[in-house]
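The values are calculated or read from the model by the stated rules, or taken from the named source; none is laboratory data. This structure is a prediction, so every number in the text was calculated from the model and none was measured. Glycine also receives a Cβ, built like all others from the backbone with ideal geometry; neighbour counts cover every protein chain displayed.
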Amino acid sequence: MLALLWLVPAIPFASALALAVLGPRMRARGVAVVGTGSIAISAAISLVIAGTFLGAPPASGAYTQTLWTWIDVGSFRPGIAFYLDALSLVMTVVVTFVSFLIHLYSVEFMRGDEGYSRFFAYMNLFVASMVTLLLADNLLLLYLGWEGVGLCSYLLIGFWYQDAANGLAGRKAFIVTRVGDTAMAVGLFVLFHNLGTLRIQDLMHAAQSQWPAGSSYAIAAAALLLGGAVGKSAQLPLQTWLPDAMAGPTPTSALIHAATMVTAGVYLIARTNVLFTLAPPVQFAVAVVGAATLLMAGFSALTQNDIKRVLAYSTISQIGYMFLALGVGAWGAAIFHFMTHAFFKALLFLAAGIVIEALHHEHNIFRMGGLRTELPVAFWTFLIGGCALAGLPLITAGYFSKDLILWSVANSPAGGMGLLAAGIAGVVLTSFYTFRLIFVVFFGRIETAVSHRPGLAMVVPACILAFLSVVGGFDKASFEALLNTALPHFREAGGGMSEALTSVAAGLAFFAGLLAAWYAYLRNPSLSRAAAGNPAGRLLHRFWFSDWGMDWFYDRLFIRPVVWAASASKADIVDSIYDGLASAAVLCYRILSATETGKLRWYAAWIAGGSVVTLAIVMWL
Amino acid sequence: MTIVFYTASAVAIIATILMLTRANAVHALLDLIVSLLAVAVIFFVLGAPFVAALEVIIYAGAIMVLFVFVVMLLNLGEPATRAERALLRPSMWIVPSVFAAILLAEFIWLLVSGDVPPSAVAGIEAKETGMALFGQYLIGVELASMLLLGGLVAAYHLGWRKVPQTEATHVSHP
Amino acid sequence: MFPIREGFMISGALFTLGVIGVLARRNLLFVLMSIEVMLNAAGMAFVVAGARWRQPDGQVMFLFILAMAAAEVSVGLALVLELYHQFKTLDTDAISRMRG
Amino acid sequence: MILLCLIVIPLIAGGLAWAVARWSVAACRWITLLAVTADLILALVLWGSHSPAGSGTWLAEADWEWIPQAGIRFHLAVDGLSLLLLMLTFFLGVLSVLASWREITEAVGFFHFNLLWILAGIAGVFLAVDLFLFYFAWELMLVPMYFLIAIWGHENRVYAAVKFFIFTQLSGLLMLVAILALVFTHHSATGAYSFEYGDLLGTAMSSVAEMWMMLGFFVAFAVKLPAIVLHTWLPDAHTEAPTAGSVILAGLLLKTGAYGMLRFVLPLFPHASATFAPVAMILGVAGILYGALLAFGQTDLKRLVAYTSVSHLGFVLLGIFVWNPLALQGAVMTMICHGISTGALFILVGALQDRIHTREMDRMGGIWSTAPRLSGAALFFALASLGLPGLGDFVGEFLVLLGAYQQSIVIAALAAIGVLFATFYALQFVQRAFQGPNTFNWRIPDLVPREGLVMAVMIIALLWLGLYPRPVLNTFEPVMTRIEQMAPGR
């Protein structure tokens, strides 16, 4: 059954092509059937493959399927080949399953939109590219999937192209991720030049054997790959694009900017973990980036008033946790958190979608209120998602995965107390802004009336995801065992905090955040307005609101100079060389024509002068 | 013989200078004729009687007469000479004489530096020149004749158009 | 013996005077006359050279110069008449229609 | 024999088309279309029949005496590289004829005559193996192109046509001098006059003479392949040329420059090229960055696409002078895919200009709503030109970058940044022309089936080249390895 592996990316790709070409002529129902059906089949196949893989795992723990050789020039022979092991299996199953649910959801959410077939074409193309990325056997095919998902995120963010702002947001996302991709491409060159291949498994063995720990090549390659991962997963230096990416339709935000694409960077680092273990400073950098990002994004999320931007910042901060886990070598924990995060973050976005749809596209949370009674389904699913996100102890999956990360940070040789403190502070921040969101949106007075109730197609996926957000975390042990077949075990340094201690700490942090939010927003709502009143508060609020001023800073540092340079050199400077030549010729003409005065004696004088000079030359020679 | 040579050349140079500085065209012409005759004498001294004769007959005779004829035709008269004298400012002589001085210096320098051995004894008779003319230089003579024909046709053509117009508009100048 | 060196000196001097005439005088007639002087000086140089090597070629050359001078004067003077009729003046600086 | 037909068919058809045009314009167009398709089929037959191992240096040859005294032979030959470029020539030829089916209304006969004679000239350039014949075809190519731009162009077409002609003609003369110098050195070495490529290959010459001759050739080809400083004729020529003209100009004429470098500059003057390589590489990278930056700043659509050509062919120049198998094959791949993607972009911009009679992006916006298929195709080809993996351009550019990295890290990094800049202009092009609100509320007809067919063919070609380039790579691999062996010190 494993031979059907190539169908998982192929079916969505084919249906994307079909929808792109025939879409406009098909009826909406037909488009929905083709669009969602293809993802359903692909999800089903991946589940079947998962079953056979778990049932009878292949000998080497991995299954490779080569379709054809893509390019073969001298020693460079990347093939279109898929590599399935525990890591890519878990991610493929999660991605395809969550995509299926979101496609189901968007059948109803996008109904009536004039670009219906275009939307499903892009979404299918996205799933195809994401699965190609996950199953890629060599880094070049991974790069193909990598750019493909970047492209689809650009297309989907700018989906409602009539509004120029969406187009610009899409362009910003594509360019910022492409900055990361360029770094990653150079990383690929380093790897190929020094190790002679791009096939991931051979690369890892070659790196292991040829490069000593801490070798400059390993550091360069790992750092460049980290650059790519940071770009795609919207981590610290390159995270400004994700909040603007919320301009796209909500299912897109749910699928791309919450569950799947943004975790591509995590997958890349997990997949090339050998490189990072060979370059300890870069691995530590990953941890630091993760910690810093989770704090920054947490604070920014506090101040947002658009429901989707809050969730976007929370995504950035949760991926910060995954980077933190990767940084300390807890590969399994990061992937585990990826899975749970995919469930509850997609759920939160879908619920937010229901709310937005119900309040005819109202985004500002302060103009929503009291939806607890109006939209019970949205409320309960949102609540479960929120608790999973914040990490309600012992019940939600989010708690288990975050607890595992905190424990790994505490016990890993690389993890310092600083990182652990950041982690716990992050938990407090997460629960604070999550419950702020819930209290403001679902409690208090009804600001805007609910226009229409969500249909079944929107509610069912949300409920399934809610169920998964709870159940997902229970069977941690077997999940760990499965991942360890593909990823190295987590090396515990002795003397760290025990399992129980970190989980208690996490639970306390959760309740602290909950209480703070309850006190600030339900107990006396005037407190938040007072905080915003005084000058220091207002400055801080503006600073955090604009993502710590990163956007403003990048605009000044990069965008303005390039735009200025382009407009300044619009008229080709090099062309002026040739214009100069032309005008010099005209000048010579004008000078010479001035000598023709028409006076006989003037010419006679020149003739005499000429003859005198020639005579002199003759004499002198 | 050399005294004759030197006097003749002196006369030639002085006549030419006079010709240059004259305001009245006819006076200048007459000075020019004197200078040409002086050159004819020099030719004679140099033992080239045939050429001297030619110089007198054709150059001084024919060409200069043509000149006089044209000057008469132009009928310049007193106002023209007065206008001419107005133009004869001393300042106009500076530039040409600078050129001329350099040119003369070059000639002299060339002549002095070259070692000119003494010349042959006897002059060259007309017979010898005639034989050369129709022997070696036969083509040259034919070409010269064509040149003269060209000059004739051109002069005739230019002259012809003018006659009817001048009849109609000829007004005696004041 | 024939004064060869002096002969050349004289023709050089005459030629130079001719040049002065051409450059200095503005009246077209005087320019033509100066040209005649220059031609004559050149002819003389040829004859002196002929005398020096006792060759008739010098005199033949002088003859050709004569023919050329005659043709030149006839055409020149015809043009002078035409010019005078056209412009009513013989001042070369005034007649400068052929400007570039 | 088949090679001769490749050149003769367009020549005869040109005359025929011009003659027939007086009676019926449609017949003239069909004749041209049939002629170019016939040539395309011939080229495909050649491609199909050639043995992959590449027995001798040439796949097919045709050799006759021309001017025996001077050792000039009418020698046509084709190997992997020139075969592919021939196919590209006739592929784009067919598409440009289809694209300008409705666009050209006055003097249709003469237009098609010129079009066919340019194709014949280009085919001649790719086939000629005798340097004299090569120069002859090189000049034959210019004159009809000059007429194409000067007569059927847009606003200040005469300026552009004259500028194009002066640039190429002058540099062509430099090449002629270099050819003659080479022949004479060959003569002094071996005593026989010969313009044969084979004979001239090994001529021994002093390094100074070799450098000067190499520069003679290099400048001629650098003007044609717009290297950074010599590129200023390109934007004007492209903006003013009619659709068919700019497709052929961008798709083919630029490739003759690159082909010339691969065929003549590197093999004939290996040592001089090796010493000159660092300069050429810097020129290439500068071209990439400069072209991209200027493309980003343009407001005229055709000028934008023209500058992208400068940027893409900077990659080709870089790839050629890096001189290792990866970069060489990447350069040829970029040449082919750039021909298709830029050709398509020009056809689209031409179609757009026919509909809204302007090329200024400020007056466009929101065209996606009225012409979704046209905008979709434009988006696809803009993505191809920014080097999206899965399409042809990426394969070429990645190979060039990979090869360049082995030569020098800094140059590869700069070129990679060039790819990033490509994103700027490609998205700018799509954003300002097709997306955004329909401020000028354009109501324009979408792609007609004919144009749709042209676009579909090109999309399939790019996808095929992007996902399964092996048959194409195998065709010119033997040639590239042979050129690579010629590098000194290999």
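The numbered conditions (1) within 14 Å of the chain's Cα centre (by Cα); (2) facing chain B (nearest Cβ under 7 Å); (3) without any contact (Cβ under 8 Å) to a residue 60 or more places away in the chain are all true for C:ARG5 except (1). Residues in the range D:366-388 that are outside any helix (DSSP H, G or I) and touching a helix residue (DSSP H, G or I) at 6+ places or on another chain (Cβ under 7 Å): D:LEU386, D:GLY387, D:LEU388. B:LEU152 fulfils the conditions (1) at the interface with chain C (Cβ under 9 Å from one of its Cβ atoms); (2) exposed (fewer than 11 other Cβ atoms within 10 Å of the Cβ); (3) at pLDDT 85 or above except for a single criterion, (2).
Whether a residue is without any contact (Cβ under 8 Å) to a residue 60 or more places away in the chain, within 7 Å of chain C (Cβ to nearest Cβ) and farther than 19 Å from C:LEU29 by Cα was assessed, and B:PHE50 does not pass this test. When A:PHE467 is tested against the conditions (1) surrounded by 17 or more Cβ atoms within 10 Å (Cβ to Cβ); (2) part of a helix (DSSP H, G or I), the lone failure is (1). Residues of the range C:37-71 that are assigned to a helix (DSSP H, G or I), within 26 Å of B:ASP115 (Cβ to Cβ) and among the polar types (S, T, N, Q): C:GLN59 alone. I want to confirm something. Restricting to the range C:66-95 and keeping residues that are among the small types (Gly, Ala, Ser) and surrounded by 15 or more Cβ atoms within 10 Å (Cβ to Cβ), which single residue is nearest to C:VAL37 (Cα to Cα)? Within the range C:66-95, the match that is nearest to C:VAL37 (Cα to Cα) is C:ALA69.
Being more than 16 Å from B:TYR59 (Cβ to Cβ) and more than 7 Å from chain B (Cβ to nearest Cβ) is the filter here, so list the residues in the range C:63-85 that pass it. Residue satisfying the conditions is C:LEU83 alone. For the range C:37-62, filtered to residues that are at pLDDT 90 or above and more than 7 Å from chain B (Cβ to nearest Cβ), the residue that is farthest from B:ASP31 (Cα to Cα) is C:MET61. More than 9 Å from chain C (Cβ to nearest Cβ) and either surrounded by fewer than 16 Cβ atoms within 10 Å (Cβ to Cβ) or over 24 Å from C:MET38 (Cβ atoms) (or both) - does that describe any residue in the range B:117-124? No, there is no match, as no residue in the range B:117-124 is more than 9 Å from chain C (Cβ to nearest Cβ) and either surrounded by fewer than 16 Cβ atoms within 10 Å (Cβ to Cβ) or over 24 Å from C:MET38 (Cβ atoms) (or both). Can you tell me which residues in the range B:29-47 are at the interface with chain C (Cβ under 8 Å from one of its Cβ atoms), of a type outside the set (Ser, Thr, Tyr), in contact (Cβ under 8 Å) with a residue 24 or more places away in the chain and assigned to a helix (DSSP H, G or I)? Across the range B:29-47, the qualifying residues are B:LEU29, B:LEU32, B:LEU36, B:VAL39, B:ILE42, B:VAL45. Taking every residue in the range A:595-613 that is of a type in the set (Asp, Glu) and pairing it with any residue that is outside any helix (DSSP H, G or I), at least 6 positions away or on another chain, the pairs with Cβ-Cβ distances below 8 Å are A:GLU596/C:MET98; A:GLU596/C:ARG99; A:GLU596/C:GLY100.
Is it the case that some residue within the range D:187-195 is touching a helix residue (DSSP H, G or I) at 6+ places or on another chain (Cβ under 7 Å), outside any strand (DSSP E or B), surrounded by fewer than 21 Cβ atoms within 10 Å (Cβ to Cβ) and modelled with pLDDT under 90? Reasoning before the result, please.
Taking the range D:187-195 as the starting set, the residues that turn out to be touching a helix residue (DSSP H, G or I) at 6+ places or on another chain (Cβ under 7 Å) are D:193-195.
From the residues that got through so far, the ones that are outside any strand (DSSP E or B) too are D:193-195.
Now restrict to residues that are surrounded by fewer than 21 Cβ atoms within 10 Å (Cβ to Cβ): D:193-194.
After this cut, where a residue has to be modelled with pLDDT under 90 as well, the list is D:193-194.
Checked the range D:187-195: at least one residue is touching a helix residue (DSSP H, G or I) at 6+ places or on another chain (Cβ under 7 Å), outside any strand (DSSP E or B), surrounded by fewer than 21 Cβ atoms within 10 Å (Cβ to Cβ) and modelled with pLDDT under 90.
Restricting attention to the range C:8-17, the residues that are surrounded by fewer than 24 Cβ atoms within 10 Å (Cβ to Cβ) and either more than 7 Å from every other protein chain (Cβ to nearest Cβ) or in contact with a Cys (Cβ under 9 Å, 6 or more places away or on another chain) (or both) add up to 1. Under the condition of being aromatic (Phe, Trp, Tyr), in contact (Cβ under 8 Å) with a residue 12 or more places away in the chain and either at the interface with another protein chain (Cβ under 7 Å from one of its Cβ atoms) or in a helix (DSSP H, G or I) (or both), the residues counted in the range A:159-175 number 1.
Taking (1) within 18 Å of B:VAL34 (Cα to Cα); (2) within 14 Å of chain A (Cβ to nearest Cβ); (3) out of contact with any Lys or Arg (no Cβ under 8 Å at 6 or more places or on another chain) in turn, C:ASN27 satisfies each apart from (1). Kindly provide the set of residues from the range B:9-28 that are buried (at least 20 other Cβ atoms within 10 Å of the Cβ) and either more than 10 Å from chain C (Cβ to nearest Cβ) or in a helix (DSSP H, G or I) (or both), ordered by number. Within the range B:9-28, B:SER9, B:ALA12, B:ALA15, B:THR16, B:MET19, B:LEU20, B:ALA25, B:ALA28 qualify. Is there a residue in the range D:124-134 that is under 28 Å from D:ALA456 (Cβ atoms) and in a helix (DSSP H, G or I)? Checked the range D:124-134: at least one residue is under 28 Å from D:ALA456 (Cβ atoms) and in a helix (DSSP H, G or I).
Mind checking whether some residue in the range D:350-358 is part of a helix (DSSP H, G or I) and within 12 Å of another protein chain (Cβ to nearest Cβ)?
The answer is no, given that none of the residues of the range D:350-358 is part of a helix (DSSP H, G or I) and within 12 Å of another protein chain (Cβ to nearest Cβ).
Would a scan of the range A:214-221 turn up a residue that is at the interface with chain D (Cβ under 10 Å from one of its Cβ atoms), out of contact with any strand residue (DSSP E or B) (no Cβ under 7 Å at 6 or more places or on another chain) and either at pLDDT 90 or above or within 28 Å of D:ALA404 (Cα to Cα) (or both)? Within the range A:214-221 (the criterion being at the interface with chain D (Cβ under 10 Å from one of its Cβ atoms), out of contact with any strand residue (DSSP E or B) (no Cβ under 7 Å at 6 or more places or on another chain) and either at pLDDT 90 or above or within 28 Å of D:ALA404 (Cα to Cα) (or both)), the answer is yes, since at least one residue qualifies.
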